[in-house]
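Colleague: Can you keep this structure in mind? I'll have questions shortly.
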Amino acid sequence: MNKVVVLTGAGISQESGIRTFRGEDGLWEGYAVEDVATPQAFKINPDLVLEFYNQRRAALLDKNIVPNAAHIALCEFESKFSGEFVLITQNIDNLHERAGSKNILHMHGELLKVRSEETGEVFEWKEDLHRKSHPQNREDLVGTMRPHIVWFGEAPFEMITIEHALRDCDLFVAIGTSGVVYPAAGLVHSTPKHCRRVEINLEQTPVSPHFHEKRQGRASSEVPQFFQEILNSL
Ligand code: NAD
């Protein structure tokens, strides 16, 4: 086995205390997605959108939010595996980085970064973001800053690198992702014929039939176990 590609979703961070995307009521932390996670919403009600991400950012920075056994197992696998390892995440949190993972592609952006809509410049950001916020000594950027997040209707980041990584992978593992948000849900179709495809999730998803194997259970127990099995088999 030469190349392993992993795709993670909100389910891997659930046991760290970060809520997943859609609750049973179809809302994300009590908000309708179209009100807080689209470019149209940002145009119509920027204060609400900024406040939504301010709350998510503050929650992520809570000292009780730490990587769990699944994040740590992926980092350990990456450090022990002699082949190529690519971690694609839909998550906007930084728990993979904090666990020590190296080769991470954040296809939906990052909560702890902001960007100028005018210049495209990206900045690290841990504070609340308001309409008049600007990075230090950059008064020229007042009124142009937004969360560095891919909203619904926008093109995900890193797609060329992601498609390239998938093209010749030998093992593809999707962890804690609902298989309903595209194009992430369709990445399984970009893996080559010989690739072993494994899904780790609490439940069946609409894309489950496209995987060879299903590990049903909590990421914190299934992920360490699965990747230990892979290391043992090499
Ligand atoms: P989703 O919330 O739509 O689905 C989560 C999936 O994880 C579900 O299929 C669920 O069965 C599974 N799951 C929940 N807890 C689990 C656990 N402990 N172990 C294993 N599986 C578990 O998530 P998605 O598919 O990633 O799509 C969500 C979108 O919302 C993404 O675009 C993402 O950027 C954003 N989001 C990110 C975060 C985060 O960064 N942590 C949190 C919420 C939403």
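Colleague: Hey, got a sec? Which trypsin sites (Lys or Arg not before Pro) in region 142-213 land in a DSSP loop and have at most 15 other Cβ atoms within 10 Å? Kindly include the intermediate steps, with their values, before the conclusion.
Modeller: On the way: sites: 167, 193, 196, 197; in loops: 193.
For trypsin sites (Lys or Arg not before Pro) across region 142-213 that sit outside H, G, I, E and B with at most 15 neighbouring Cβ atoms in 10 Å, the list reads 193.
Colleague: Could you tell me whether region 151-234 comes out rounded, prolate or oblate from its Cα gyration tensor? Rule is a ≥ b ≥ c as square roots of the eigenvalues, rounded for a/c under 1.5, then prolate if a/b exceeds b/c, otherwise oblate.
Modeller: Values: a/c = 1.88, a/b = 1.31, b/c = 1.43.
Since a/c reaches 1.5 but b/c is at least a/b, the shape of region 151-234 is classed as oblate.
Colleague: OK, next. Dipole of region 35-91, Cα-centred, from +1 at each Lys and Arg C-beta and -1 at each Asp and Glu C-beta, to the nearest 20 debye?
Modeller: My answer is approximately 80 debye.
Colleague: Then there is this: Which one, 104, 1, 65, is farthest towards the positive end of the dipole of the chain when Lys and Arg carry +1 and Asp and Glu -1 on their Cβ?
Modeller: 1
Colleague: Do any GluC sites (Glu not before Pro) in region 1-94 lie in a DSSP loop with no more than 10 other beta carbon atoms within 10 Å, and if so, which?
Modeller: 24
Colleague: Accessible area per residue for the chain in Å², computed with a 1.4 Å probe and the full protein assembly in place, what is it?
Modeller: Ligands and nucleic acids excluded, the result is 50 Å² per residue.
Colleague: Under 1.5 on a/c is rounded, so check that first for region 152-194, then, if it is not, pick prolate when a/b is larger than b/c and oblate when it is not; a ≥ b ≥ c are the square roots of the alpha carbon gyration tensor eigenvalues.
Modeller: Oblate, because a/c is 1.5 or more while a/b does not exceed b/c.
Colleague: Oh, and also: When a/c reaches 1.5 or more, the comparison of a/b and b/c decides; with that in mind, is region 1-61 rounded, prolate or oblate per its Cα gyration tensor?
Modeller: Verdict is prolate for region 1-61.
Colleague: So if I place +1 on the C-beta of Lys and Arg and -1 on the C-beta of Asp and Glu, and nothing else carries charge, what would the dipole magnitude of region 167-224 be about its Cα centre? I want it in debye, nearest 20.
Modeller: It comes to approximately 80 debye.
Colleague: Now for a different question. Mind computing the radius of gyration and Dmax over the alpha-carbon atoms of region 61-160? Å is fine for both.
Modeller: Cα-based Rg and Dmax for region 61-160 come out at 15.8, 48 Å.
Colleague: Using a simple charge model, +1 on the beta-carbon of Lys and Arg, -1 on the beta-carbon of Asp and Glu, nothing else, what dipole does region 1-64 show about its Cα centre, in debye to the nearest 20?
Modeller: 380 debye
Colleague: I need to check one value: relative contact order of region 122-173, counting alpha carbon pairs closer than 8 Å and at least 6 residues apart, in percent.
Modeller: Relative contact order for region 122-173 comes out at 22 percent.
Colleague: Are there any trypsin sites (Lys or Arg not before Pro) in region 1-97 that are in a DSSP loop and have at most 15 other Cβ atoms within 10 Å? List them by number. Could the numbers behind the result be given before it?
Modeller: Details: sites: 3, 19, 22, 43, 56, 57, 63, 80; in loops: 19, 22, 63.
Passing sites in region 1-97 are 19, 22, 63.
Colleague: Turning to a different aspect of this structure: For the chain: lysine pairs with Cα atoms under 27 Å, gap of 8 or more or different chains, count?
Modeller: Lysine pairs meeting the criterion: 19.
Colleague: Using the Karplus curve 6.51 cos²θ - 1.76 cosθ + 1.60 with θ = phi - 60°, what ³J(HN,Hα) values do you get for each residue of region 100-106, in whole Hz, with x for Gly and Pro?
Modeller: Values per residue, Gly and Pro as x: x, 4, 10, 8, 10, 10, 8 Hz.
Colleague: If you roll a 1.4 Å probe over region 78-136 with all protein chains in place, what percent of the accessible area is carbon or sulfur? Intermediate results must be reported in sequence, preceding the final value.
Modeller: Working: 1290 of 3070 Å².
With neighbouring chains kept in place, the figure for region 78-136 is 42 percent.
Colleague: Return the sequence-ordered ³J(HN,Hα) values of region 158-174 in whole Hz as given by the Karplus equation 6.51 cos²θ - 1.76 cosθ + 1.60 applied to θ = phi - 60°, using x for Gly and Pro.
Modeller: Rounded to whole hertz, the list is 6, 4, 5, 5, 5, 4, 5, 5, 6, 3, 10, 7, 9, 9, 10, 10, 9.
Colleague: Taking Cα atoms, how many degrees apart are the long axis of helix 69-80 and the longest axis of the chain, rounded to 10 and kept between 0 and 90?
Modeller: Compared with the principal axis, the helix lies near 70 degrees.
Colleague: Taking amide hydrogens as modeled 1.01 Å from N in the peptide plane, which residues meet the under 5 Å criterion relative to residue 8, leaving out close sequence neighbours?
Modeller: 88, 89, 90, 175
Colleague: Percent relative contact order of region 132-228, based on C-alpha pairs within less than 8 angstrom and at least six residues apart?
Modeller: Across region 132-228, relative contact order equals 19 percent.
Colleague: Okay, moving on. Any idea what the relative contact order of the chain is, in percent, if you count C-alpha pairs under 8 Å spaced at least 6 apart?
Modeller: 24 percent
Colleague: Got a sec to turn the phi values of region 53-58 into Karplus ³J(HN,Hα) couplings, 6.51 cos²θ - 1.76 cosθ + 1.60 with θ = phi - 60°, whole Hz, x for Gly and Pro?
Modeller: For region 53-58, the Karplus-derived couplings read 6, 4, 5, 5, 5, 4 Hz, x marking Gly and Pro.
Colleague: Please work out the FRET efficiency for the pair residue 182 and residue 140, using the Cβ-Cβ distance as r and a Förster radius of 30 Å; give the result to the nearest 0.05.
Modeller: Efficiency, from the Cβ-Cβ distance: 0.25.
Colleague: Would you mind giving the average projected area, over all directions, of the Cα convex hull of the chain in nm² with one decimal?
Modeller: Projected over every direction and averaged, the Cα hull of the chain covers 12.8 nm².
The values are calculated or read from the model by the stated rules, or taken from the named source; none is laboratory data. The shown structure was predicted, so the numbers you read here are calculated from the model rather than taken from an experiment. No Cβ is skipped: glycine too gets one built from the backbone with ideal geometry, and neighbour counts run over all protein chains shown. Calculation scope for accessible area: heavy atoms of the full protein, side chains included, ligands and nucleic acids excluded. Shrake-Rupley method; radii C 1.70, N 1.55, O 1.52, S 1.80 Å.
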